[in-house]
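Report on the structure given below.
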């Protein structure tokens, strides 16, 4: 059976990936925090967004999925979200997804905590965005930004929704930490997933390559874990954001905004766009969903300011829902990782193709010929 028939949708890829990825890696990627209520709500609230189709129209026979952002024309209104430790979930994940995004003409966002380096991804090319986790060392922050700009990254994404260390129950149970706890259960887990194990053997154990040049050597594994936890400075104040705005010559996106006042503050310091996001339900189990936060933030920043959104997207209809709610663009993370886990290196291209077909079908069913008109089809509550 060919890939199209085996993996007709992201849900099929998710089921297959769960069988092929070791539990400790799966739980890190698919899990949330606390009782994982917000993780579930990200999907549930999207499912509740209804759209009103118009059938007696003449301009929706060949709907166009192309969309522009920052004056750049993209073939699709979505991109690849940043995901730390992606090489643990599927070896060389960042490289595979960067190539797929380049070939499909959409943005790829490299996490600062990825296991692929800025320079490796820069060599692949395409529409490259770099997502930065602030450190407590100004020289390191400056150098990371210079490396990203020099490697061809045009957009800086600063994540602000990790102000403190979190405690995720799944990861604690699985011994997933820095350094990792390798015990008999972990080894048996790896042996039970041969496709992942062989791919990891070929690729080599993942490392935080972007931070590696700044690590004092030599360090034991336990010393490395302590050093990294002390290096990453979670809380990003408005003054720090202003510093990033001054340092970065390209576009600046602030990721993790759920509050209208925070949104206005970002606009005031010169941010070029915001990502409305609760970090995939991984930080606060009482947070709003992006679905619920979008209307107030759109009202706060005005109709022309670029807003992106993420969280819970599993198909092209979900993409249309976010765009109808007022987002200009969306980012997907887990969906693409499901595709890699299920299919391997070609998973990203297949997932992007599936999402494009689903989005085009949704537009056709709605009678919407252009992405920008989707808000007209939102069924609003009285």
Which listed residue is crowded, with 17+ Cβ neighbours inside 10 Å and in contact with a helix residue (DSSP H, G or I) (Cβ under 9 Å, 6 or more places away or on another chain), from 312, 250, 270: 312
Selected residue (only one of 349, 354, 330 is closer than 21 Å to residue 52 by Cβ, in contact (Cβ under 8 Å) with a residue 40 or more places away in the chain and within 19 Å of the chain's Cα centre (by Cα)): 330
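Conditions tested, residue by residue: (1) in a loop (DSSP other than H, G, I, E, B); (2) more than 16 Å from residue 255 (Cβ to Cβ); (3) in contact with a strand residue (DSSP E or B) (Cβ under 7 Å, 6 or more places away or on another chain).
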| residue | (1), (2), (3) |
| --- | --- |
| 304 | yes, yes, no |
| 308 | no, no, yes |
| 322 | no, no, yes |
| 340 | no, yes, no |
Filter result (at pLDDT below 95, more than 18 Å from residue 134 (Cβ to Cβ) and in a helix (DSSP H, G or I)) within the range 218-273: 221, 222, 223, 224, 225, 226
Residue 85 being over 16 Å from residue 155 (Cβ atoms) and touching a strand residue (DSSP E or B) at 6+ places or on another chain (Cβ under 7 Å): no
Within the range 95-106, tally of residues that are free of Cβ contacts under 8 Å to residues at least 60 places away in the same chain and either part of a helix (DSSP H, G or I) or on the phi < 0 side of the Ramachandran plot (or both): 3
Scan of the range 197-211 for residues that are over 27 Å from residue 130 (Cα atoms) and either in contact with a helix residue (DSSP H, G or I) (Cβ under 7 Å, 6 or more places away or on another chain) or in contact (Cβ under 8 Å) with a residue 24 or more places away in the chain (or both), ordered by number: 197
Residue among 111, 116 that is more than 15 Å from the chain's Cα centre (by Cα), touching a residue at least 12 places away in the same chain (Cβ under 8 Å) and surrounded by 17 or more Cβ atoms within 10 Å (Cβ to Cβ): 116
Total residues in the range 357-379, condition part of a loop (DSSP other than H, G, I, E, B) and either under 23 Å from the mean Cα position of the chain (by Cα) or surrounded by 19 or more Cβ atoms within 10 Å (Cβ to Cβ) (or both): 2
Residue check for residue 341: crowded, with 24+ Cβ neighbours inside 10 Å and at pLDDT 95 or above: yes
One residue from 19, 35, 52 being exposed (fewer than 13 other Cβ atoms within 10 Å of the Cβ), within 22 Å of residue 312 (Cα to Cα) and touching a strand residue (DSSP E or B) at 6+ places or on another chain (Cβ under 9 Å): 52
Qualifying position, being modelled with pLDDT of 95 or more, buried (at least 22 other Cβ atoms within 10 Å of the Cβ) and in contact with a helix residue (DSSP H, G or I) (Cβ under 9 Å, 6 or more places away or on another chain), among 305, 329: 329
Single condition residue 5 does not satisfy, out of (1) in a helix (DSSP H, G or I); (2) over 13 Å from residue 341 (Cβ atoms); (3) in contact with a helix residue (DSSP H, G or I) (Cβ under 6 Å, 6 or more places away or on another chain): (3)
Lone unmet requirement of (1) touching a residue at least 60 places away in the same chain (Cβ under 8 Å); (2) within 23 Å of residue 137 (Cα to Cα); (3) in contact with a helix residue (DSSP H, G or I) (Cβ under 9 Å, 6 or more places away or on another chain) for residue 289: (2)
Scan of the range 143-196 for residues that are at positive phi and modelled with pLDDT of 75 or more, ordered by number: 152
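The values are calculated or read from the model by the stated rules, or taken from the named source; none is laboratory data. Please read all numbers here as calculations on a predicted model, not as lab measurements. As a convention, Cβ positions derive from the backbone with ideal geometry for all residues, glycine included, and neighbour counts pool all protein chains shown.
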